[in-house]
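Just so it is clear, none of the values below were taken in a lab; they were calculated from the coordinates. Bear in mind the structure is a predicted one, so any value in this text is a computation, not a measurement. Don't worry about glycine lacking a Cβ; one is built from the backbone with ideal geometry, like all the others, and counts go over all protein chains shown.
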Ligand SMILES: [Zn+2]
């Protein structure tokens, strides 16, 4: 049997490099991809903490990255062996009720399965179900590592933050959370020319990066953050506030910041319940959205990367060889200490 190396969720707090059998084509719609560039997501850290009950120990992690198609099933039409591809974090059959409504995140035979309910991309080879709906061809106008940001980071920020948050020309926008997704929102919110774009996060390094990407105001997350935003907005608050952290304190802040008629777009992965202050919000005509990325915007985002209108290079702060995957996890797990945003894995 041909084997490969893979990063496995061996138990709570235990990422392990193991030898595993190489994946085979199991269905006519499958592709097997040889990985070239991988990365680690905050969600992988959640799995390692035991926050994701649906991901069982023994699972190969990872739902992002790029590679070369190694083999395809008989009914795959868009991709052939040798094609260089981006693996989407969302697997889509393109034909079920949800996929037809543009809700591929809830595909009845897919959605977020890679590195979750089936083996993922942090391995030398990965089997991608429904390849025609779940892979994208690489573009020529950006680095391969930068394009790995189109697996999850950029479409999630754009769809769950910018689109769900209804960012409009001239509107005011605040982003609570300066991780890779929060910074992806900074990049894509500017497609709509908001009049103000406020980054609120605790990490001074991330505020600095946000400033370099074009935010109009940087505010340190803490007890005075709401007051500072109110001072900037004449006491009105912001039209769109995007929750990109996923803890009760940040969701509380979003409720303080939203203006009359505004939108709170939640995309943080919440591991516990939060308070909803309806006593303060009931009369403010606001909207609260929740969303999981459908990756319907990936093709459009790749076109913008190809023409240089979006550049994700700045999100990539560290590169590790796959043999050093455990070091990559320690660095990404202590991101503030290492000034890490996204780590790239070279296979
Ligand atoms: Zn589907």
Spatial separation of Cα centroids for the stretch 1-44 and the stretch 80-127, in angstrom: 14 Å
Over 12 Å [Cα-Cα, the stretch 154-196], rounded percent: 51 percent
Cα coordinate range in the stretch 177-274, projected on the principal axes (Å, largest first): 34, 29, 24
Footprinting exposure proxy for 329, 125 (fewest neighbouring C-beta atoms within 10 Å first): 329, 125
Normalised contact order of the chain, rounded percent, pairs of Cα under 8 Å and 6 or more residues apart: 17 percent
Simple label model, 7 Å out from Cα along Cβ direction - residue 314 to residue 279, nm: 4.2 nm
Relative counts (whole %) of C-alpha pair distances in the stretch 1-145, using bins that are 10 Å wide: 13, 42, 36, 10, 0
log₁₀ of I(q)/I(0) at q = 0.12, 0.13 Å⁻¹ - the stretch 255-343, Debye sum with one point per alpha carbon: -0.70, -0.79
The stretch 68-207: radius of gyration and largest Cα-Cα distance (Dmax), Å: 17.1, 51
Unit Cα scatterers, Debye sum, the chain: log10 I(q)/I(0) for q = 0.13 Å⁻¹: -0.97
